[in-house]
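Everything below concerns the one structure shown next.
The values are calculated or read from the model by the stated rules, or taken from the named source; none is laboratory data. All figures in this text were calculated on a predicted structure; none of them were measured in a lab. Cβ: placed from backbone, ideal geometry, glycine included. Neighbour counts: every protein chain shown.
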Amino acid sequence: MVRGPVRGVSRSYGRGMPRSPSSPAFWRSPLRGPWFTSVLGVVLLGGITVLFVTGLVSYAAYNPNLSPVNDMTPDKGLLGFYLFSWPTNPSWLYRLTQGVHVTLGITLIPVLLAKLWSVVPKLFTLPPARSLAHALERISLLLLVGGALFEFTTGVLNVQLDYIFPGSFYPLHFYGAWVFFAAFVAHAVLRVPMALRNLRHLRDEDQRPRTDDELVAPDPAPPTVSRRGALGVVGGGSLLLFATTAGRSFDAPLRETAVLVPHGGPEPGGGPGGFQINKTAEAVGIDMRETTGETWRLLVEGRGRTLRLSRDELLKLPLHSAALPIACVEGWSTSDQWWRGVRLRDLAALVGYEEGTAPDVLVESLQRHGAFRHAALRYNQVRDPRSLLALFANGEDLTPDHGYPARIIVPAAPGVLNTKWVARMTFGEL
Amino acid sequence: MRRRVLRRPVLRRPVLRRPVLRRPLGKPALGSPLQILLLACSFALAGYAGVRLLAGDWFGVALWFVGAAVLHDLVLVPLYAGADRAVARGLGAVGRREWTVYVRFPAAFSALLLLMWFPLISGQMAEHYRLASGLSGDGFLARWLLITAVLFGGSAALLVLRLFRSSRSSRSSRSARS
């Protein structure tokens, strides 16, 4: 700890501060400098690349090209160029990719804020542009900063179910990501070489900083913390967020550590149905009278045939078991639950599709509202022996909130495609 | 050791102006053509996605997009930088400027958690959250306050520990000298 004035800088301490932020002397923090910005920049380069890729992967996991009911962004055009049939193996695939997407995103927020802080003097640099190239770069920075904050904000709000953003989350977060990424790539190409050079040459932060660098305060206040210490604090903030978030991808007791995030803390009740619920029966307007043994019938359609099956009739079909997780786009997931029910491909066989020829299926729910009350599954998902119309979870009848009388469970599919309270299944090429 | 890390080099008045570009008067500078090409490609992609982003409530989305940057740079940064400066000045006035870090970091972490999870902590989402997930939407405020207390408590404990150590080491060095 240093007490009293620090040698060499006391001359400037206490002097009147320049009024205009466009004056370099306005910025007093001794922490700003090429080394600090470069370290944060390189961390974000890696981190945001992973966020972008896992985000694109999540979009593909919905199989948007299969059916309009899966596609929240029908006018995507070329931006869906990479889409592929989402696999069913390994069954924890979406749990992993989406857990990484959301947990890493939350963890990177302190790094993003510190990075923006470290370069904020540049926002006020005058003249506004030295050349056409420089002017374009500054416009691009608006897309970069606005895009980053837009993506992180919509993501954090969506995780909390606070849908105050202007539109549906899916198009905003997807198209916003592309706008942001366009600016991000340009920024990376322009700046990464310099950042790497800075890291190589300024290995020790105590080295005399290049005073001609526009980030270095020409008239710094005495330091209260070293650059390395400040970096440690940014890391500490990330660690704090990680420690209070990551648990929501696991069951109790780890889930209890996720104290400030949705779907952290204790499980919803005990017993076989005491695992995480995305939307309760009450939330989506399920009338329990429609789900009783007398009233509920499953319509199975395909090849011009229609079957009406009661739950008792379904129970007489061959029942199979599968241990599969639930993983939500919001980033939380459960470990494997033990499901028991009728294989989707057996239901396809009931309407005349021989073994190995089961097609896609459109699943409709009793739900009154919710964007995914209809969902389409691709033939590879239907044919997987672990894909079930589940009637039981963990050895008991499904609870109302987990989709009684019957729900879909498909390995590696995003949670919302595992339709609950199934009313109708239409097999055929979609 | 720490003294060495914190020492500032003596700074000469820096050269802040960039080399003057040699170009005929009145003719605007272009800059690097490669950079212009790169940024043009970037804008083309951003434009392609941007028209889709703005297809719905274009004004609302543009407001959020630009507003996020403006709010951050012109409100949030001045706000926390001002608060930080006030803390440093306040502690400096009582001769304890080096204690700033022990206030800054717990405060920054606590404020960050509040900012990120405000919909839950404020309780405005409590009913909606309970209805959707079947989990209690209460208790986020209490847990945030608890985390805040732990952060400040931990920071204070660290400060006390360091003060204790430095007083002991200065006492022992005094007794060694005598």
Taking region B:109-130 on its own, how many of its residues are within 27 Å of A:Leu108 (Cβ to Cβ), part of a helix (DSSP H, G or I) and either more than 7 Å from chain A (Cβ to nearest Cβ) or of a type in the set (D, E, K, R) (or both)? 6
When A:Thr245 is run through (1) more than 8 Å from chain B (Cβ to nearest Cβ); (2) over 30 Å from A:Gly274 (Cα atoms), the failure sits at (2)
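To keep it simple, each residue is scored yes or no on (1) of a type in the set (D, E, K, R); (2) within 7 Å of chain B (Cβ to nearest Cβ); (3) within 24 Å of A:Val53 (Cβ to Cβ).
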position: A:Ile106; (1), (2), (3): no, no, yes
position: A:Ala114; (1), (2), (3): no, no, yes
position: A:Pro128; (1), (2), (3): no, no, no
position: A:Leu132; (1), (2), (3): no, yes, no
position: A:Leu136; (1), (2), (3): no, yes, no
position: A:Leu143; (1), (2), (3): no, yes, yes
position: A:Thr153; (1), (2), (3): no, yes, yes
position: A:Ala188; (1), (2), (3): no, no, yes
position: A:Arg191; (1), (2), (3): yes, no, yes
Evaluate region A:284-296: report whether one residue or more is surrounded by 20 or more Cβ atoms within 10 Å (Cβ to Cβ) and within 30 Å of A:Ala246 (Cβ to Cβ). yes
Which residue, of B:Tyr80, B:Tyr48, is more than 8 Å from every other protein chain (Cβ to nearest Cβ) and either more than 24 Å from the chain's Cα centre (by Cα) or in a helix (DSSP H, G or I) (or both)? B:Tyr80
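So for region A:146-158 (the condition being more than 17 Å from A:Trp35 (Cβ to Cβ), of a type in the set (D, E, K, R), out of contact with any His (no Cβ under 6 Å at 6 or more places or on another chain) and assigned by TED's automatic domain parsing to the domain that holds A:Phe81), does at least one residue qualify? Before the answer, list the steps.
As a first pass, look at region A:146-158 and keep what is more than 17 Å from A:Trp35 (Cβ to Cβ): A:146-158.
Going one step further and asking which of them are of a type in the set (D, E, K, R), we end up with A:151.
Right, trim to out of contact with any His (no Cβ under 6 Å at 6 or more places or on another chain) and you get A:151.
Now restrict to residues that are assigned by TED's automatic domain parsing to the domain that holds A:Phe81: A:151.
Yes, there is a match, as at least one residue in region A:146-158 is more than 17 Å from A:Trp35 (Cβ to Cβ), of a type in the set (D, E, K, R), out of contact with any His (no Cβ under 6 Å at 6 or more places or on another chain) and assigned by TED's automatic domain parsing to the domain that holds A:Phe81.
Quick one: in region B:131-168, of everything that is in a loop (DSSP other than H, G, I, E, B) and at the interface with chain A (Cβ under 10 Å from one of its Cβ atoms), which residue is farthest from the chain's Cα centre (by Cα)? Show your work before the answer.
From region B:131-168, those in a loop (DSSP other than H, G, I, E, B) are B:134-139; that's our starting set.
Next, only the ones that are at the interface with chain A (Cβ under 10 Å from one of its Cβ atoms) stay: B:134-137, B:139.
On the way: B:Gly134: 35, B:Leu135: 32, B:Ser136: 31, B:Gly137: 28, B:Gly139: 27 Å.
Among those that are in a loop (DSSP other than H, G, I, E, B) and at the interface with chain A (Cβ under 10 Å from one of its Cβ atoms), it is B:Gly134.
Please verify whether region A:231-245 includes one or more residues that are among the polar types (S, T, N, Q), at pLDDT 90 or above and over 27 Å from B:Gly154 (Cα atoms).
Restricting attention to region A:231-245, the residues satisfying the condition of being among the polar types (S, T, N, Q) are A:238, A:244-245.
Next, from what is left, pick out any that are at pLDDT 90 or above: A:238, A:244-245.
Narrowing the set further to residues that are over 27 Å from B:Gly154 (Cα atoms) leaves none.
Checked region A:231-245: no residue is among the polar types (S, T, N, Q), at pLDDT 90 or above and over 27 Å from B:Gly154 (Cα atoms).
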When (1) over 30 Å from A:Trp27 (Cα atoms); (2) touching an Asp or Glu at 6+ places or on another chain (Cβ under 6 Å) are applied to A:Arg228, the one that fails is (1)
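Run down B:Leu25, B:Leu11, B:Leu30 and say which single residue is within 7 Å of chain A (Cβ to nearest Cβ) and either at pLDDT 50 or above or closer than 30 Å to A:Phe181 by Cβ (or both).
Values: B:Leu25 fails: within 7 Å of chain A (Cβ to nearest Cβ); B:Leu11 fails: either at pLDDT 50 or above or closer than 30 Å to A:Phe181 by Cβ (or both).
After applying the criteria, what remains is B:Leu30.
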Residues in region A:74-90: is at least one in contact with a Ser or Thr (Cβ under 8 Å, 6 or more places away or on another chain), β-branched (Val, Ile, Thr) and either buried (at least 16 other Cβ atoms within 10 Å of the Cβ) or assigned to a helix (DSSP H, G or I) (or both)? yes
Which residues, taken from region A:337-369, are among the β-branched types (Val, Ile, Thr) and surrounded by fewer than 18 Cβ atoms within 10 Å (Cβ to Cβ)? A:Thr357
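Do we find that A:Thr419 is at pLDDT 95 or above, assigned to a loop (DSSP other than H, G, I, E, B), hydroxyl-bearing (Ser, Thr, Tyr) and under 18 Å from A:Asp71 (Cβ atoms) in this structure? Step through it out loud before you land on a result.
Numbers: at pLDDT 95 or above: yes; assigned to a loop (DSSP other than H, G, I, E, B): yes; hydroxyl-bearing (Ser, Thr, Tyr): yes; under 18 Å from A:Asp71 (Cβ atoms): yes.
So A:Thr419 passes the test.
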Kindly check whether there is at least one residue in region A:137-151 that is surrounded by fewer than 17 Cβ atoms within 10 Å (Cβ to Cβ) and of a type outside the set (A, V, I, L, M). yes
If A:Gly293 passes every condition in (1) at pLDDT 95 or above; (2) more than 10 Å from chain B (Cβ to nearest Cβ) but one, which one does it miss? (1)
State all residues of region A:211-240 that are more than 8 Å from chain B (Cβ to nearest Cβ) and assigned to a helix (DSSP H, G or I); if no residue qualifies, say none. A:Arg227, A:Ala230, A:Leu231, A:Gly232, A:Val234, A:Gly235, A:Ser238, A:Leu239
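Just need a number here: residues in region A:147-171 that are in a loop (DSSP other than H, G, I, E, B), closer than 15 Å to B:Arg52 by Cβ and of a type outside the set (Gly, Ala, Ser).
We begin by selecting, within region A:147-171, every residue in a loop (DSSP other than H, G, I, E, B); these are A:160-168.
Filter once more, keeping what is closer than 15 Å to B:Arg52 by Cβ: A:166-168.
Going one step further and asking which of them are of a type outside the set (Gly, Ala, Ser), we end up with A:166.
Qualifying residue count, region A:147-171: 1.
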